[in-house]
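Chemist: Can you read through this structure? Questions will come right after.
The values are calculated or read from the model by the stated rules, or taken from the named source; none is laboratory data. Not measured: the values here are computed from a predicted model. Please note: Cβ atoms are built from the backbone with ideal geometry, for glycine as well, and neighbour counts cover all protein chains shown. Protein only, heavy atoms only, side chains kept; ligands, DNA and RNA dropped before computing areas. Shrake-Rupley method; radii C 1.70, N 1.55, O 1.52, S 1.80 Å.
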Amino acid sequence: MSQDIASKESFTNLLNYTDLANKSDFYNKIMRFSPIEHLQSTPTPNQKIKRIISSTPGNRAFSFTPNSRKEIHLTKKPIKRLTKGSLLRTVSPNDRTRIKRSRENSRCYSFENDKNTYLFKTIKCKLDETGSKNYSNIDADCIFSKAKLELSNKNYLSVVEILENVKNSTKNADGIYLRAVGFINLGNYEKALKDFITVQASKKVINPSLFIYLYKCYYHLGNTNEALKALDMCIKLYPKHVTGYFMRGKFLIELKQLDDAINDLKKIKHPEASLLLSKCWKMKENYENALKYLEQYRDMSRSSGKFLLELGKLDYKFQKIDKAMECFNALMKYESKNPEVLYYTSKCKIVLCDFEEAELLLENVAHSSTEELLLTRAIYKLSDIKLQKNDFYGAFHTLQRQKLLLKSPKKELQSSFTEAMYNIARKEFETSIIIFSNLIKENIPKQVLYKCYIYRAFAHFSIKNYEAAENDYKKAKTCDELDKASEFNFIISMAMNLFISKHYEKSLEVLDSVFFSDFSNPMPLYLKMLCQIYENSNEAYEYSSALITFNSMKCKKDSDFYMFLGFFSYFDKNYEKALSAITKSINISEKSSFGAYTLRGFCNIVLKNYVDAIDDFDMALSMNMNFVCLYPYRGLCTYFSGGLSESARDFVKIFEKGDMNAILLSIYLLVVTKNLTEALRLANIVEETSEIWMLKAHCMLLREQYGECVDCLEKIDSIDVENDIGIIKNISKGVVKAYESGSIFNEKYSNWLEGIEKMYSKDYDAAIGLFDFVMKIIKTLQKELLFKSNAIIDQEMFELLYNTALCYMMKCDKTSLQRATDILADIESEMEGINCVDLCLILSIIEFDMGNTEISSMYLQKANKFNSDKCEKYKKNKEIILTPLSTGNQFSNKFSLIEHSTRKNIKFRPAIRLPRLQPPLDFNDTYEIILKMLRAENIDVRPEIPWLVKLNDRYVFTDTLIEDIESRRSEPVLKGRRRRIWKSNQIITSEETVNSSQRL
């Protein structure tokens, strides 16, 4: 076959509107043939269509002559008839003036596409008579002619409507062909393809245009194999069809079958073919051949502007940036607003690292370009610049401006990577992990793979999945050396994994690295202290090594610093300092810590700030409801601040945990707080063990149901309760008799009873010694208890002091009286504001006996404010019974009175008390809870941020940079703090008075 199939002149009209440099415009331009043009070049079986090419290039007209009728010949005689049948009309002389002779000396004539033609008027007249679009009753020839006219006017929807509603015309291959052309121009490729296949099967209309249309349909439907077959068939049947070779060559370029494309395009001597050949050799990385064909294009087309543009693109491709810029600068003088020139100039600027200028040029392209493909490419480039500048928000939102979805792997990779980084910036770490994981599965460049690994590792690190982070950093190391920030995070990940698995020594070995000396990030030191704390966790709770590390820190004092300061101060029993440090930690922290609130709650308990402690435990439990171990502390704080019924709710929650230890603790605390009804209810629904029977017995004793109490004790076999039973039986009769220590009446209470017995027998010195011994027992037992100083203990201590003062008073010597006065005066001062008439009268009596009449009178006046009747009886030396504190309650009234040694009309009663259980929670329990919470919450390990630049160990932010990744503001709104008035050292006259006086 000859290499010169078509000359430049014969090919010009076909391609004069086509930009062959842009492969994505292939079908938008090359394939956008006017339907009437294809009808010109290809006659249907029932029509003879003669092309009449006018003197103006690209202006075409046709003559339609049915076979069954006489042809219209060039003649001097007027044409009498056009058709037979319904369209018999005579062509007037005026109509003959519109007939032109063909340049190719054709013997046939054509009507131009002019609505003034007689033929058009005839068809329109016939159609208008019907008054509707129902063409079924109209002559088929008329319909066919009407469809052609609508097609020539590009009214494709009308063409489809005309031919779809005429049933008998759908059987005609000509009609189906015209309808298919209408469908394809409307973008309905499926229906067009179906019609074209029908036409092909009929074998009535076989021409090159049919195969070109088939190719176009297959291409747009994504069937590249069939599209290529259509072009192959076109060239096979029509080996001299220039368009077929040209289109197949261009399509093969798109399929990257470059050698085959070169073979096709070499057969065409046309500037556009040369341009495509240059593109092929450019894709084959052959600069010389690409330049050769580009110069051939210049010589053939004489288009210097297009040549310079393509030359600049070629130089850019082969990294000849200076030469490329020369071309683009030359073009900018004449085409300064050409979007394509601006786009490629910006690409050169990017290579030259002039990103600001590149951004301006790309924004200009994005705003001025009307070509969607170029605009979208500019958007991608602009997004990529922002991505390189770590402006992930800007990069992501720039991509949202694209109008055309590009499916190239490179663009899809950029879109996915940008979306992943955008999600990291928004702290949507799980979403970013999914995107990075999908990218890693693809065949992506090594450098991009490295970034995917380190950023996915960063996301894992941020959600505390340190094992996955460590694995990703290891994989990233196989691609490239880790940057300093990622290396920092990698080492911390390894240390955290060892810490979580309790390999504290190995974790310390990893953390003892000089690498961290270049960082101000305190995380390595914080983690090192945690390892030292847990490594030395024992019964002594001695953390000297961790404290040494803490004291060596020279970093900025952040929330974690104050958290550790509070921790060490609490373990050092410096509770005020601990409270101050923890409060600072909470105030400056951007993230709530249930561990910090718990530690501050314990400090407030020790300092008797029970209301504040309740608030702290509320906050801690609102953040982590799983820590049931905090309910006992909150419940006891609620009780000691006056909330008897509210405290029971927390103790019941402990019971609901289900295990036996929790059940026993729950019932025990209900007995401590005298929620006796609830304690018995719970005790009756669990298995009756010795411990349960003992707790039931205690409930009955506090209820003063002595018989039931004894019954419960008699059911206990594993514990010796004989002494308890003996004491309880005597108490029920109002008899005080000493026994050996038992289970309920332990050493404290048995010695207390023995002291009372000595008072009744007037052995005051022995009684004083016993009461002192009991107070020492209390101080020893309470020393390690968290609630070591509470209302129950305060009341017991005052009652023991009162008994001691009575003993001194009964001795009547001056020294003893002075001791009695000192003790009672201290008690009275602590009871300021509470009805203490009896105590003031006793002080008045003692001061009077000591000769201090003024002081005696002062106490008498104070007593008179509370109870004038009793004071009058005292003044008149009438019999009075003085029962301060709880010595006048129903239980104490069982026991005998004691007469004053010299004033027989004045009687007293010693303070006798039923055993009360104490809160069993000690400091060691709080230590364990604090360590447990530190392990559960750890510290908020803050990673180094790999995409941020540091200057003098500080991050440098751009104008549009994302918010700091460490910012995690999630502080919940603090609840309204409870404000109850309560004095923990108040003296109360009875157990019933305790609850009422402590509430407001």
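Chemist: Please work out how much accessible surface E372 shows to a 1.4 Å probe, ignoring ligands, DNA and RNA, in Å² rounded to 10.
Modeler: 100 Å²
Chemist: Treat every Asp and Glu Cβ in the stretch 629-713 as -1 and every Lys and Arg Cβ as +1, leave all other atoms uncharged, and give the resulting dipole magnitude about the Cα centre to the nearest 20 debye.
Modeler: My answer is approximately 320 debye.
Chemist: In cubic angstrom, how much convex hull volume per residue do the alpha carbon atoms of the stretch 271-358 span?
Modeler: 83 Å³
Chemist: Report the FRET efficiency, 1/(1 + (r/R0)^6), for K333 and K284, where r is their Cβ-Cβ distance and R0 is 25 Å, rounded to 0.05.
Modeler: 0.15
Chemist: Same structure, new question: How much FRET efficiency would the formula 1/(1 + (r/R0)^6) give for Y760 and Y541, where r is the Cβ-Cβ distance and R0 is 45 Å, rounded to 0.05?
Modeler: Plugging the Cβ-Cβ distance into 1/(1 + (r/R0)^6) gives 0.45.
Chemist: Ignoring everything but the protein chains, give the 1.4 Å probe accessible area of R703 in square angstrom, nearest 10.
Modeler: So the heavy atoms of R703 present about 90 Å² to solvent.
Chemist: Taking 7 Å along the Cα-to-C-beta vector as the label spot, tell me the E372-N624 distance in nanometres, rounded to one decimal.
Modeler: Spacing of the two 7 Å Cα→Cβ label points: 5.5 nm.
Chemist: Next question, about the same structure. If I stretch the segment between D869 and K557 completely, what's the gain in nm (0.36 nm per residue apart, minus their alpha carbon distance), one decimal?
Modeler: 105.8 nm
Chemist: Taking Cα centroids, how far is the stretch 797-840 from the stretch 381-420 in Å?
Modeler: A separation of 85 Å, based on Cα centres.
Chemist: On to the next question. Hey, can you rank 331-344, 679-692 by average C-beta count inside 10 Å, highest first?
Modeler: Averaged packing, sorted descending, gives the order 331-344, 679-692.
Chemist: Could the peptides 614-623, 758-767 be put in order, highest first, of the mean number of other beta-carbon atoms found within 10 Å of their residues?
Modeler: Peptide ranking by packing, descending: 614-623, 758-767.
Chemist: By how many nm would the segment from T815 to E509 grow when fully extended, if each residue of separation counts as 0.36 nm and the alpha-carbon distance is taken off?
Modeler: Answer, rounded to one decimal: 103.4 nm.
Chemist: Now for a separate question. At a probe radius of 1.4 Å, what is the per-residue accessible area of M625, in Å² to the nearest 10?
Modeler: For M625, the solvent-accessible surface is approximately 110 Å².
Chemist: Let me ask something else. At what distance in nm do the modelled label points of K907 and I197 sit from each other, each positioned 7 Å from its Cα along Cα→Cβ?
Modeler: 11.9 nm
Chemist: Counting only protein chains, not ligands or nucleic acids, how are F392, F318 ordered by accessible area (probe 1.4 Å), most first?
Modeler: F318, F392
Chemist: Looking at the stretch 747-908 from every direction and averaging, what is the projected area of its Cα convex hull in nm²?
Modeler: In nm², the orientation-averaged hull projection of the stretch 747-908 is 9.6.
Chemist: With all protein chains present and a 1.4 Å probe, how do I881, I444 order by accessible area, largest first?
Modeler: I881, I444
Chemist: At 7 Å along the Cα-to-beta-carbon direction for both Y393 and E430, put a label point, then send me their distance in nm to one decimal.
Modeler: 2.4 nm
Chemist: How high is the FRET efficiency from K236 to D480, r the C-beta distance, R0 56 Å, rounded to 0.05?
Modeler: Computed FRET efficiency for K236 and D480: 0.60.
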